[in-house]
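Notes to accompany the following structure.
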Amino acid sequence: MPPTAKDTHPLALFSLVPTSNRARAAVDHPENSYFVSRITDDPDHPGDDQRGLDIGVFIGSKSRYTLATIGRCGDITVEGAGISRIQCSFEINEDNKTEIMLQDRSTNKSTQFFGTKAMPFELGRPHRRVLVDKHVNLEFGFGGVGCDLYRFRIVWHNRGKLMADLCIDYREDNPRQTRTVLDEPPTIEPSRRTTRVHTPGNPERIRYSYREMIGSGAFGEVWKVANVDSGEYLAVKRVKRPHLQSYNHVLLKREVETLSRICHHQRNVIEYKSAVWADEHFEIFMAFRPGNVEDLIRRDLFIKKRTAADAFVHQMLQALDYLASESIIHRDIKPENILYSPMPDGGLLYQLADFGLANIVADARTFAGSRLYMAPELENSPAAPQTPKMDVWSLFVTLAYALNGAGFRQKPLHDTPLRIKAIQEAANEFRPLRDMAHVDPRERATAGDMLDRLFAGEGRTTRRNPIRAAAISPDEPGPSGERVEQERKRVRRVEQRPQRAQREVRDVAAVRGRREQRSGGRVLSVASVQKHAARQGEPRQGEPRFPGAFPGM
């Protein structure tokens with residue numbers, strides 16, 4: 001006698017509705033009575049009174065991340081000679097603790113998906129595990145030559161915020177005693193060769209299911225998606241296919257080439273996954289992050305917790321220094337293009353994203369970037385050669401905006417002179433950082449310089465200039481007035497040495513005859529005199545070559 005159906009369990013995420021005779025028999029199996037419920041919210045069969053097997057966190061599976069197992073000795077009992085002891089299982093993604101995967105655990109790989117919305121198991125993938133949700137993989141089966149002896153439809157219930165990550169620790173014991181898998185007899189192979197239903201797989205191809213739109217604009221859209229084959233979240237930028245050699249085509253090509261070259265070498269650059277042409281769109285896949293620095297600024301994180309800016313500055317300087325070592329200019333540093341993600345220690349990992357405007361130093365001459373954060377040399381001379389110091393300026397403006405230095409956000413910023421004035425006022429408030437905000441790029445510090453000054457060079461990639469470093473005291477937040485005056489005196493001595501060297505050349509020439517006599521007729525060549533004078537003009541080790549390199553100069 002079939003078990004009496006009850007209302008759907010309140011912790012059931014979805015139910016399995018049988019669509020084959022064998023599947024109906026499984027619903028009627030006495031050992032599955034605890035899971036049987038009456039399904040009344042099936043969108044494909046509204047008003048129908050159906051029975052199904054509830055799947056949710058109320059099932060007492062052994063594994064923390066396993067919702068339910070199906071098989072001859074699974075949580076849900078399914079009998080048959082060709083059915084494995086554990087045929088398949090529904091698993092919670094361990095990283096995001098939200099997405100649900102169906103894993104084929106059968107010895108003969110006889111589990112598969114069907115229907116127009118199927119994204120089935122593919123050959124070449126490292127695991128036979130795929131995503132199930134309300135949009136893809138709504139019908140599956142297992143057993144037999146066609147993997148269809150037992151076929152079920154997955155009917156999702158509208159549980160709102162009742163998701164696996166909110167109740168993963170809430171487990172109800174299965175009233176049926178869990179059986180030991182090792183005590184069960186081995187699976188009997190089917191008499192006929194099983195032909196698996198599959199599509200040719202390419203491990204590099206990313207299959208996904210949409211979650212939510214992150215952003216949109218004239219360029220296209222950015223979506224949060226779930227990887228069908230891993231359950232991980234990704235960000236995909238979908239751009240309408242541009243005309244070949246068009247400006248947009250150049251930007252896309254540049255972004256992909258830049259990210260693929262650098263993302264695996266610096267953790268503060270967003271991870272690039274792949275890029276493909278899909279129908280009329282070009283898709284760039286990157287790691288998903290829950291938000292950007294603009295989100296943190298709206299919450300006043302850096303104002304309420306000033307120490308949070310330390311990690312932000314350190315990580316972004318490392319990223320910019322690495323880009324400089326690769327001769328790359330990002331050219332669009334701003335809060336929206338700096339993503340963050342929580343770390344296990346409670347801190348935040350910051351990563352640069354959106355490299356569409358990035359350029360190689362030798363080629364960077366076009367007008368690019370967001371005007372508020374744009375370096376003055378780009379506005380004043382957009383056709384002039386550009387350097388990575390542009391990004392240093394933009395990072396300082398980002399900090400001034402984040403910390404609201406000297407009331408930066410409340411000042412008129414629409415006009416270039418007023419904007420530069422506001423930035424200089426913020427630089428006077430943040431004295432240890434003000435070398436990032438020199439209007440003249442020749443006097444502006446590099447990211448490596450600032451790493452030396454603020455963080456004792458930790459995380460620096462570019463080669464350290466020992467002469468520039470002579471003006472840096474990593475143990476001090478900013479130089480004192482006495483130290484500044486000492487540096488200025490040393491610089492003046494350096495500047496005066498070439499003049500002394502030229503006087504020495506004239507003096508040597510004047511006494512040439514006497515030296516010739518003392519040397520037994522040997523004449524000092526002009527080249528040797530100039531070489532000696534040049535050595536006299538060089539600064540001693542540890543002295544700066546030029547003024548204006550660091551704060552206070």
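The values are calculated or read from the model by the stated rules, or taken from the named source; none is laboratory data. Because the structure is predicted, anything quoted here is derived from the model rather than measured. Cβ coordinates were reconstructed from backbone atoms using ideal geometry, including for glycine residues, and neighbour counts include every protein chain displayed.
When 417, 382, 441 are screened for being in contact (Cβ under 8 Å) with a residue 24 or more places away in the chain, surrounded by fewer than 23 Cβ atoms within 10 Å (Cβ to Cβ) and assigned by TED's automatic domain parsing to the domain that holds residue 314, only 441 passes.
Filtering the range 115-124 to residues that are touching a residue at least 12 places away in the same chain (Cβ under 8 Å) and either within 20 Å of residue 154 (Cα to Cα) or buried (at least 18 other Cβ atoms within 10 Å of the Cβ) (or both) leaves 115, 117, 118, 119, 120, 121, 122.
Out of everything in the range 127-153 that is assigned to a strand (DSSP E or B) and of a type in the set (A, V, I, L, M), what residue ends up being surrounded by the most Cβ atoms within 10 Å (Cβ to Cβ)?
Initially, the range 127-153 is screened for residues assigned to a strand (DSSP E or B), giving 129-132, 139-142, 150-153.
Filter once more, so that each one left must be of a type in the set (A, V, I, L, M): 130-132.
Numbers: 130: 27, 131: 23, 132: 25.
Residue satisfying both the conditions and the ranking: 130.
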